[in-house]
Amino acid sequence: MDRGRQKGPGLLQPRRIGVWLGWIALLVSSGGPAPAAARGGEAPEAEPAADAALSPEQAVLVRKGAEPRGKAADLDSLLRLPNDFLGGQKVETVAGASRTEWHRRFVKAVSELTRAREALEKTKRELDGVAESGGSSQWSIAPPGGESAPTASPLSFKLRQQLRGDRERIEQAEKALRSLRIEADLAGVPESWRAKAAEPADSRPD
């Protein structure tokens, strides 16, 4: 019995060494110490506070390094000027057209009429010049002792045709201006929004 008791402690010591060696081998094979939660029960780090204000989809984009949706649109809305910034006030319109548009329409109609009248006056002056310079043909044949009847020259005939065309242009321009005035009167367009045509010159006989 005494010998058995003396040998007991000697047998337990190698077993303890073997257990410790086994634990050390297990730690080395696992790649390092145990996780923090297993060691001390520490809680994982919390997400940044900035992600809490974003939607789940935006938070994923932020983690991937992308810009959250809606951020660019918000920037555009900040840089966009108000609709009434340049004008200062709402533009007044009559029958769907502003003062500038009505004035432009009248200026166009008046300009067409003015150009047609100027063309007519120019044609009349040219025709008068042909008549004063003896526009009849010098090759007119007359019996002996009689006077030759004047005949119209080709230039005179051309000017008379042009004179007729100028008068038709004046009629069309006057009709267009008259229709525009009627439209403006029915819509209640103020007189200050319109352009007035000059009084025509007195028509001279051919």
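The values are calculated or read from the model by the stated rules, or taken from the named source; none is laboratory data. What you see is a predicted model; the values in this text were computed from it and never measured. A quick note on method: Cβ atoms are made from the backbone with ideal geometry, for glycine too, and the neighbour counts reach across all protein chains shown.
Some notes on this structure:
- Test: residue in region 139-155 that is under 30 Å from ALA197 (Cα atoms) and at pLDDT below 95: no
- Candidate set: region 181-202, residues that are assigned to a helix (DSSP H, G or I) and charged (D, E, K, R); chosen: the one modelled with the lowest pLDDT: GLU191
The rows are residues; the columns are (1) among the charged types (D, E, K, R); (2) at pLDDT 60 or above.
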{"position": "ASP128", "(1), (2)": "yes, yes"}
{"position": "GLU174", "(1), (2)": "yes, yes"}
{"position": "SER179", "(1), (2)": "no, yes"}
{"position": "ARG204", "(1), (2)": "yes, no"}
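- When the criteria are applied in full, LEU120 meets the requirement of being at pLDDT 75 or above, assigned to a helix (DSSP H, G or I) and touching a helix residue (DSSP H, G or I) at 6+ places or on another chain (Cβ under 8 Å).
- Filter pass, ALA72 being more than 30 Å from SER179 (Cβ to Cβ), in contact with a Ser or Thr (Cβ under 9 Å, 6 or more places away or on another chain), part of a helix (DSSP H, G or I) and at pLDDT below 90: no
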